[in-house]
Amino acid sequence: MNTTSTIPPYVISLDAPEHSEAVEALYDDVFGPGRFAKTAERLREGNHAIADASLVAIDSEGLTGVVRVWPVKVGEAGRAAFLGPIAVAERRRGNGVAFKLMERAIGVCREQGYAAVILVGDHEYYERFGFHRAGEGRFTLPGPVDQHRVLIRDLSDRAAKLTGELSIPR
């Protein structure tokens, strides 16, 4: 008798309005209501996600993962993508869903000419995705943030020139 359970396949598609309710429920489940108080949220409020880089993973049980990516202005003339939040349902954690969502989103950002992808998160987790610490004081965010958690993944040689305040493009 085979007792190995199989995990149903999933598909990755663009985040769309019909996913909104399930996405918010997943974010609430993973991060709780405190997510709205985080400094990173200030870069999302009133901003518009990069449509082609904001993705969901769906399996036979419904939404199982999501990543959203936002355009940000860096300093006076820089342009980067700001990744997050990314969330994966408990039933899928450890199955590579986050990796596939992030790699596809980052690939879109590269194709669209973003110099880098920036996020606030745990270096130990995100370094496997090519992120490194941005460096003390390199970026200023619209609120308090632990500078050791500000991470960057360079997408082009222009990334080295990025420095300054992160803000929503107008």
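The values are calculated or read from the model by the stated rules, or taken from the named source; none is laboratory data. As the structure is a prediction and not an experimental result, all values here were calculated from the model. Counting neighbours? That spans all protein chains shown, and the Cβs are built from the backbone with ideal geometry, glycine included.
General remarks:
- All positions within the range 146-159 that are under 24 Å from ALA105 (Cα atoms) and either in contact with a helix residue (DSSP H, G or I) (Cβ under 9 Å, 6 or more places away or on another chain) or charged (D, E, K, R) (or both): HIS148, ARG149, LEU151, ILE152, ARG153, ASP154, LEU155, SER156, ASP157, ARG158
- In the range 92-107, the residue that is farthest from ILE58 (Cα to Cα) out of those that are in contact (Cβ under 8 Å) with a residue 40 or more places away in the chain and among the basic types (Lys, Arg) is ARG104.
- Test: residue in the range 64-80 that is free of Cβ contacts under 8 Å to residues at least 12 places away in the same chain and either under 23 Å from GLY34 (Cα atoms) or surrounded by fewer than 20 Cβ atoms within 10 Å (Cβ to Cβ) (or both): yes
- Filter result for GLU90 (within 18 Å of LEU26 (Cα to Cα) and of a type in the set (Asp, Glu)): yes
- Residues in the range 108-137 that are buried (at least 16 other Cβ atoms within 10 Å of the Cβ) and in contact (Cβ under 8 Å) with a residue 24 or more places away in the chain: 13 in all.
- Every condition in (1) touching an Asp or Glu at 6+ places or on another chain (Cβ under 9 Å); (2) closer than 30 Å to ALA160 by Cα; (3) modelled with pLDDT of 95 or more; (4) not acidic (Asp, Glu) is met by VAL56 except one, and the failing one is (2).
- Selection from the range 81-102 of residues that are of a type outside the set (Gly, Ala, Ser), surrounded by 15 or more Cβ atoms within 10 Å (Cβ to Cβ) and either modelled with pLDDT of 95 or more or closer than 15 Å to ARG68 by Cα (or both): PHE82, LEU83, PRO85, ILE86, VAL88, VAL97, LYS100, LEU101, MET102
- Selection status of ALA80, within 19 Å of ARG44 (Cα to Cα) and among the small types (Gly, Ala, Ser): yes
- The set of residues in the range 99-131 that are in contact with a strand residue (DSSP E or B) (Cβ under 7 Å, 6 or more places away or on another chain), within 16 Å of ASP15 (Cβ to Cβ) and not aliphatic (A, V, I, L, M) comprises LYS100, ARG104, CYS109.
- Being of a type in the set (Lys, Arg), over 17 Å from ASP15 (Cβ atoms) and out of contact with any Lys or Arg (no Cβ under 6 Å at 6 or more places or on another chain) is a description that applies to ARG79.
- Of residues in the range 12-60 being among the acidic types (Asp, Glu) and within 22 Å of GLU90 (Cα to Cα), the one surrounded by the most Cβ atoms within 10 Å (Cβ to Cβ): ASP15
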